[in-house]
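Scroll down for the structure; my scribbles are underneath it.
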Amino acid sequence: MRQAITVSLPEKLVKELGKLARQEKISRSDLIRESVRNYLFVRKFRALRGRLMVKAQARGIHTDQDVFKLIHARRKQPTISLAQLKTRLKMKC
């Protein structure tokens, strides 16, 4: 169910919104709706990342490179192609 809300925006922002909506060939409402969705997603992502960073740092993981090193170190088998997987599965059946 949809619910209409009223938002007050400065004139300059309304003009920019209208210009972008025309460029994207969507309504201002659709543009605002998508912008709010994106904003909420980013907020949730940042909150989750913040919680995970505390746990990661407690384990000595501080950078993306640390994550990649752990992934590489924990791989038991090398990556195989889909064709190789299909061949292996046929051999076991």
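The values are calculated or read from the model by the stated rules, or taken from the named source; none is laboratory data. Note that the coordinates shown come from a computational prediction; the quantities given were computed from them, not determined experimentally. Glycine gets a Cβ as well: all are built from the backbone with ideal geometry, and neighbour counts include every protein chain shown.
Restricting attention to the range 41-62, which residues are among the hydrophobic types (A, V, I, L, M, F, W, C) and in a helix (DSSP H, G or I)?
Narrowing the range 41-62 to residues among the hydrophobic types (A, V, I, L, M, F, W, C): 41-42, 45, 47-48, 52-54, 56, 58, 61.
Within the range 41-62, 41, 42, 45, 47, 48, 52, 53, 54, 56, 58 qualify.
Quick check on this structure: which one of 31, 52, 20 is surrounded by 10 or more Cβ atoms within 10 Å (Cβ to Cβ) and touching an Asp or Glu at 6+ places or on another chain (Cβ under 7 Å)?
31
In the range 73-83, is there at least one residue being under 26 Å from the mean Cα position of the chain (by Cα), at pLDDT 85 or above and exposed (fewer than 11 other Cβ atoms within 10 Å of the Cβ)? Full working, then the answer.
Narrowing the range 73-83 to residues under 26 Å from the mean Cα position of the chain (by Cα): 73-75, 79.
When the remaining residues are screened for being at pLDDT 85 or above, the result is none.
No, every residue in the range 73-83 fails to be under 26 Å from the mean Cα position of the chain (by Cα), at pLDDT 85 or above and exposed (fewer than 11 other Cβ atoms within 10 Å of the Cβ).
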Which members of the range 1-40 meet the condition of being aliphatic (A, V, I, L, M), assigned to a helix (DSSP H, G or I) and over 30 Å from residue 63 (Cβ atoms)? 13, 14, 17, 20, 21, 31, 32, 36
